[in-house]
Amino acid sequence: VLRTPYLSGTEVTEMNGPRKLKTPDGGEAVENIKHNSSITFKGVDLTGVSKMQFSVAEIAVMSKGGGIDVYLGSKDGTKLGSVNFENAPKISIMAGINLRTAGMSFKTLSGIQDLVLVFTNPDAGDGD
């Protein structure tokens with residue numbers, strides 16, 4: 001259940017490809033993201049939610065950009081929308097690491113749902 005309006009790697013319940021990485025603040029982030037890999041947040045209360053904002057940290061010499069497709073229930077479920085980070089502004093957070101943010105809006109949701117994020121970048125090959 002979404003207790004705050006923020007989800008991180010700590011709340012991920014299923015992973016298809018990526019792995020979790022411990023962060024200095026004691027939380028977890030998702031890394032090793034490849035094209036068509038996915039993560040699931042099970043049992044999220046999305047009542048009243050009509051937009052989402054996503055932030056990604058990219059290692060400048062390794063990351064290949066890309067986007068996120070957002071689904072309800074499963075990869076075959078209702079698609080809420082997509083975000084693309086290709087043209088999102090880069091914010092340098094430390095040497096060689098940039099933060100990018102992108103958002104999307106959709107029809108207001110209700111109830112407890114599984115939220116599935118599918119990472120997309122067909123041009124990345126096997127890269128992150």
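One table, with the values for the structure above:
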{"item": "Filter result for the condition that a residue is at pLDDT below 90 and more than 20 Å from Ser8 (Cβ to Cβ), over Lys75, Lys79, Lys64, Lys107", "result": "Lys64"}
{"item": "Flag if Leu117 is of a type outside the set (Asp, Glu), touching a residue at least 60 places away in the same chain (Cβ under 8 Å), closer than 22 Å to Pro5 by Cβ and outside any loop (DSSP other than H, G, I, E, B)", "result": "yes"}
{"item": "Lone qualifier among Ser63, Ser8 - being under 13 Å from the mean Cα position of the chain (by Cα), among the hydroxyl-bearing types (Ser, Thr, Tyr) and more than 14 Å from Gln113 (Cβ to Cβ)", "result": "Ser8"}
{"item": "Residue that is touching a residue at least 40 places away in the same chain (Cβ under 8 Å), open to solvent by less than 40 Å² (accessible area, probe 1.4 Å) and out of contact with any strand residue (DSSP E or B) (no Cβ under 6 Å at 6 or more places or on another chain), where the choices are Leu109, Leu72", "result": "Leu109"}
{"item": "Tally, over the stretch 10-34, of residues that are modelled with pLDDT under 90 and in contact with a Phe, Trp or Tyr (Cβ under 8 Å, 6 or more places away or on another chain)", "result": "2"}
{"item": "The stretch 18-62, residues that are open to solvent by 30 Å² or more (accessible area, probe 1.4 Å), of a type outside the set (S, T, N, Q), free of Cβ contacts under 8 Å to residues at least 24 places away in the same chain and not in a strand (DSSP E or B)", "result": "Pro24, Asp25, Gly26"}
{"item": "Filter result (of a type in the set (A, V, I, L, M, F, W, C) and not in a strand (DSSP E or B)) within the stretch 63-86", "result": "Phe85"}
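The values are calculated or read from the model by the stated rules, or taken from the named source; none is laboratory data. Predicted model, so just to flag it, every value in this text is computed and none were measured. Because the Cβ atoms are built from the backbone with ideal geometry, glycine has one as well, and the counts that use them run over all protein chains shown. What goes into the accessible areas is simple: the full protein's heavy atoms, side chains included, and nothing from ligands, DNA or RNA. Shrake-Rupley method; radii C 1.70, N 1.55, O 1.52, S 1.80 Å.
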